[in-house]
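One structure is given below, encoded as structure tokens.
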Amino acid sequence: MKKILTGNIVENVRRQPFNKASVDHIQEAYTEIISELVKGIVNDEAGVMCIRGCVDSDAGATAWNISAGAVAYNGEVYLVPAFVGSHGSNVPVLSLTTTYRAGDPVKFSDNNEYNVHEIKTAVWSMGASGSGLVDFSALKRMRDYTRPNNLNAGGLTLRPVMLNPGTLWDMDANGDYDVAHGLSDVTKIRSIDVMIKSNGGGMFPLMRVLTGGAVCGGITSIDATNITLFRITTANGGIFDSAGFNASTVYVTLWVWA
């Protein structure tokens, strides 16, 4: 743990210099604490971790409405402003932006002026998948790593990974739908839950079993990139190939070994 020792200061007798090394020492101290706390909670420092907020309220079929929040990245914590964007070929991607406190630049003793009060913020913008620090659909959330229903066995943690694809599934017209899972090792997947939100806002499990035993849909395959979902037709007992599901939101929860 890094601290600045003040025991040698004697008031009105001995002063302690406070210089660049002192400022750097203080900043390194809290940066290290944040980094180690995040690693200790999630056992995985890699990538961007949402600490709070950054929730899409799903304001409509054509809009993203992501709340303000905060994320941890590379041992530092960044505030994230709220964001609104339109659905389309692009997706919300996160990037860092730098501004400076009002009053900068500051005049130094040699009369040169420099920006010193840096403010780094993580911001969403619409862009191609993979073009930023992280896609919204691949954002890790601290709450998913700290829920009491996380399981532990043999030193491994079974944790949920929430996927919310940016495009809607026209289940009336299309029988299959690909969801990018964002995992480097698909063999760690142990279970998959899929919920469908209809045009009217109702929530339905994709693997719903109807009276008589008909299954409405399921998972066709999992490859290195995608989880392929399917729905069966109403002629075969399904419920999803109808106008009420032609703009469905898909919510996927993966249970994976960390």
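Does GLY237 satisfy the condition of being surrounded by fewer than 17 Cβ atoms within 10 Å (Cβ to Cβ) and on the phi > 0 side of the Ramachandran plot?
Working: surrounded by fewer than 17 Cβ atoms within 10 Å (Cβ to Cβ): yes; on the phi > 0 side of the Ramachandran plot: yes.
For GLY237, the condition - surrounded by fewer than 17 Cβ atoms within 10 Å (Cβ to Cβ) and on the phi > 0 side of the Ramachandran plot - is met.
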Boolean, ARG208 is under 12 Å from TYR177 (Cα atoms) and of a type in the set (D, E, K, R) = no
Candidate set: the range 5-30, residues that are basic (Lys, Arg) and over 21 Å from PHE108 (Cα atoms); chosen: the one modelled with the lowest pLDDT = ARG15
Can you list the strands (runs of 3 or more DSSP E) found entirely within the range 139-257 that contain at least 1 residues being modelled with pLDDT under 85 and out of contact with any helix residue (DSSP H, G or I) (no Cβ under 7 Å at 6 or more places or on another chain)?
-> 151-153, 156-163, 189-197, 249-257
For SER129: the one exception among (1) in a strand (DSSP E or B); (2) surrounded by 13 or more Cβ atoms within 10 Å (Cβ to Cβ) | (1)
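I need the full set of residues from the range 3-29 which are acidic (Asp, Glu) and in the same structural domain as GLY75 (by TED's automatic domain parsing), in order please.
Here is the first cut: in the range 3-29, the residues acidic (Asp, Glu) are 11, 24, 28.
Hits for the range 3-29 are ASP24, GLU28.
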Taking ARG101 as meeting all but one of (1) in contact with a Leu (Cβ under 6 Å, 6 or more places away or on another chain); (2) exposed (fewer than 12 other Cβ atoms within 10 Å of the Cβ), write down the number of the exception.
-> (1)
Mind checking whether some residue in the range 48-69 is modelled with pLDDT of 95 or more, among the aromatic types (Phe, Trp, Tyr) and more than 30 Å from ILE4 (Cα to Cα)?
-> no
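Tell me, which strands (runs of 3 or more DSSP E) lie completely within the range 4-123 with 1 or more residues that are touching a residue at least 60 places away in the same chain (Cβ under 8 Å)? Give the steps one after another, and end with the answer.
Numbers: elements: 49-53, 63-66, 69-73, 76-80, 83-86, 91-100.
Answer list for the range 4-123: 49-53, 63-66, 69-73, 91-100.
Does MET142 satisfy the condition of being of a type in the set (A, V, I, L, M) and not assigned by TED's automatic domain parsing to the domain that holds VAL84?
Values: of a type in the set (A, V, I, L, M): yes; not assigned by TED's automatic domain parsing to the domain that holds VAL84: yes.
Against the criterion (of a type in the set (A, V, I, L, M) and not assigned by TED's automatic domain parsing to the domain that holds VAL84), MET142 qualifies.
The values are calculated or read from the model by the stated rules, or taken from the named source; none is laboratory data. Just so it is clear, the structure is predicted and the values come from calculations on it, not from any experiment. Neighbour counts run over all protein chains shown; Cβ positions are idealised from the backbone, glycine included.
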